[in-house]
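Encoded as structure tokens, the structure appears first; notes follow it.
The values are calculated or read from the model by the stated rules, or taken from the named source; none is laboratory data. Computed from a prediction, not measured in an experiment: that's the story for all the values here. Backbone-built Cβ (ideal geometry, glycine too); neighbour counts: all protein chains shown. Only protein heavy atoms, including side chains, enter the accessible area calculation; ligands, DNA and RNA are left aside. Shrake-Rupley method; radii C 1.70, N 1.55, O 1.52, S 1.80 Å.
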Amino acid sequence: MEYPSLLPRFLKYVKINSRSDEHADRFPSTQREVDYQMVIMKELEELGLSDVHYNEKAGTVIAEIPSNVDWDVPVMGFLAHCDTADFNSENVKPQITENYDGESKIQLGDSEFYLDPAVFPNLKKYKGQTIISASGDTLLGGDDKCGDAELVTFAEYLLQHPEIKHGTIRLGFTPDEEIGTGAQHFDVADFGAKFAYTVDGEGPGKLDWGTFSAAQFELDIQGVNVHPAVAKGQMINAIQVGIDFQNALPQDQVPEKTDGRDGFFHLMDFSGTVDNAHLAYIIRDFERDGLESRKDLVKQIVADLNKKYGGDRIKLKMWDQYYNMADELAKHMEIIDLARDAYRACGMTEINEDPVRGGTDGSQLTYMGLPCPNLFAGEENMHGRFEYTVLESMWKAVDVLIKMSELNAERAKK
């Protein structure tokens, strides 16, 4: 179904800078996120949703679509995040390519960059459809403003069509998903849903209920800096110690050499001098035992290098980020089945349930007592200048939300 308000709403949203900041010492990490959330909150109020409020503890805008049936229906929730990733998001200029031919390159604004189906083969699937991209010097922000626009459009449609029978539905618009800190503040009790879905996935048919388990660690290395003329036997080059650590990790277990169910170690940042150096990594593995083994390897390499160079020269700080939600969602397969049935009812016979090589807010929320798989939102090439979305994919996402609402009510009546 076509939803006329969806495209202008989405274009309005992506032009608002709501980038998060992993280095901030506040929550939500940026005021611009909150400012954007207030735009959504005002729109929800104007549409006539109930219990529209901003939960300061959670940094989340919450709203309710009241039940319009006279039987008990489990309260279902839908969530989308309001921040965009760590890429230029100032002065986003969305561009629209209608009736895409499935073969041509799409120039991004006046830049030297193109969406090329030879590089991004998913483009070929969208022949005849409407591609929305940016101008080459910013991201688009479809991750997750696709989800934001879809949830508001979904709410608008249900309120305008009372003939569609549904139970109580709670909506949440969250901060700081891209830096992994938003969900840990989420107020499950205030949200008030029995189960929920993030709307933050890729193209139609993608259903995520398995993710990586994840950890992060940092190394701070103290060297010994003396004049190179007399350095023999005295200098300890902190940069070289960092290189030694990196070289001691499995060299084929990095993002650029892995796929499928392979885990990895990923060096995110390396800076320093002879005197001191800093390295930051993430670890990913689909199995919890695998994550623990990788963490143990890191600890062993640090211990070996400290023994080699003497003293507590390398200081390690490590923490878990989230766990594979499949381990918990396996206990709640009825909510996976609800999504599957809605997908099929909306014409998607092939459902891609391959575990996502990343995480979602649902990874944390599921372990906080809110089972929370991830639905597709139409996002493609996320987190950079080559990001795009497809209008028809966004329409299909709204179709699915409506159908899930109907099915949830129908099942409760039986």
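Looking at Gly359, Gly310, Gly290, which one is open to solvent by less than 50 Å² (accessible area, probe 1.4 Å) and within 20 Å of Asp208 (Cα to Cα)?
Gly359
Being out of contact with any Gly (no Cβ under 7 Å at 6 or more places or on another chain) and modelled with pLDDT of 95 or more is the filter here; which residues of region 344-366 pass it?
Residues satisfying the conditions are Arg344, Ala345, Cys346, Gly347, Glu353, Leu365, Thr366.
Suppose we keep only residues that are of a type in the set (Asp, Glu) and in contact (Cβ under 8 Å) with a residue 12 or more places away in the chain within region 22-39. Which one would you say is most open to solvent (accessible area, probe 1.4 Å)?
Of everything passing the filter in region 22-39, Glu22 is most open to solvent (accessible area, probe 1.4 Å).
Restricted to region 387-414, and to residues that are among the basic types (Lys, Arg) and assigned to a helix (DSSP H, G or I), which residue is most open to solvent (accessible area, probe 1.4 Å)?
Here the answer is Lys413.
Considering Leu391, Leu407, which residue is within 30 Å of Leu123 (Cβ to Cβ), modelled with pLDDT of 95 or more and not charged (D, E, K, R)?
Exactly one of Leu391, Leu407 is within 30 Å of Leu123 (Cβ to Cβ), modelled with pLDDT of 95 or more and not charged (D, E, K, R), namely Leu391.
What is the number of the single condition among (1) touching a residue at least 40 places away in the same chain (Cβ under 8 Å); (2) outside any loop (DSSP other than H, G, I, E, B); (3) not aromatic (Phe, Trp, Tyr) that Ser89 does not meet?
Exception for Ser89: condition (2).
Rundown of residues vs (1) in contact (Cβ under 8 Å) with a residue 60 or more places away in the chain; (2) closer than 25 Å to Leu47 by Cβ; (3) buried (at least 24 other Cβ atoms within 10 Å of the Cβ), yes/no style:
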residue	(1), (2), (3)
Gly128	no, no, no
Asp148	yes, yes, yes
Ala155	yes, yes, no
Leu158	yes, yes, no
His161	no, yes, no
Lys165	yes, yes, no
Gly172	yes, yes, yes
Gly180	yes, no, no
Ala183	yes, no, yes
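Look through region 111-165, keep the residues that are among the charged types (D, E, K, R), touching a helix residue (DSSP H, G or I) at 6+ places or on another chain (Cβ under 7 Å) and not in a loop (DSSP other than H, G, I, E, B), and return whichever of them is farthest from Asn99 (Cα to Cα).
Step by step, filter region 111-165, then rank; the result is Glu156.
Out of the residues in region 362-386 that are buried (at least 20 other Cβ atoms within 10 Å of the Cβ) and of a type in the set (Phe, Trp, Tyr), state the one that is farthest from Gly136 (Cα to Cα).
Filtering first and then ranking leaves Phe376.
Quick check on region 206-227: of everything there that is part of a loop (DSSP other than H, G, I, E, B) and open to solvent by 80 Å² or more (accessible area, probe 1.4 Å), which residue is nearest to Tyr367 (Cα to Cα)?
Asn225
Taking the options Ala189, Ala155, Ala149, Ala196, name whichever one is aliphatic (A, V, I, L, M) and over 19 Å from Gly378 (Cα atoms).
Matching residue, one of Ala189, Ala155, Ala149, Ala196: Ala189.
Which numbered condition in (1) in contact with a Phe, Trp or Tyr (Cβ under 8 Å, 6 or more places away or on another chain); (2) part of a strand (DSSP E or B) is the only one that Val52 fails?
Looking at each condition in turn, Val52 falls short on (1).
Would you confirm, using the coordinates I've provided, whether Leu329 is over 22 Å from the mean Cα position of the chain (by Cα) and either of a type outside the set (S, T, N, Q) or under 14 Å from Phe286 (Cα atoms) (or both)?
So Leu329 fails the test.
Six or more apart or on different chains, Cβ under 8 Å: which pairs go from a residue in region 227-241 that's farther than 10 Å from Gly272 by Cβ to one that's in a helix (DSSP H, G or I)? Could you list them?
If the second residue must be in a helix (DSSP H, G or I), the pairs left are Met235/Pro228; Ile236/Tyr309.
Does at least one position in region 40-55 carry a residue that is of a type in the set (Asp, Glu), on the phi > 0 side of the Ramachandran plot and open to solvent by 50 Å² or more (accessible area, probe 1.4 Å)?
yes
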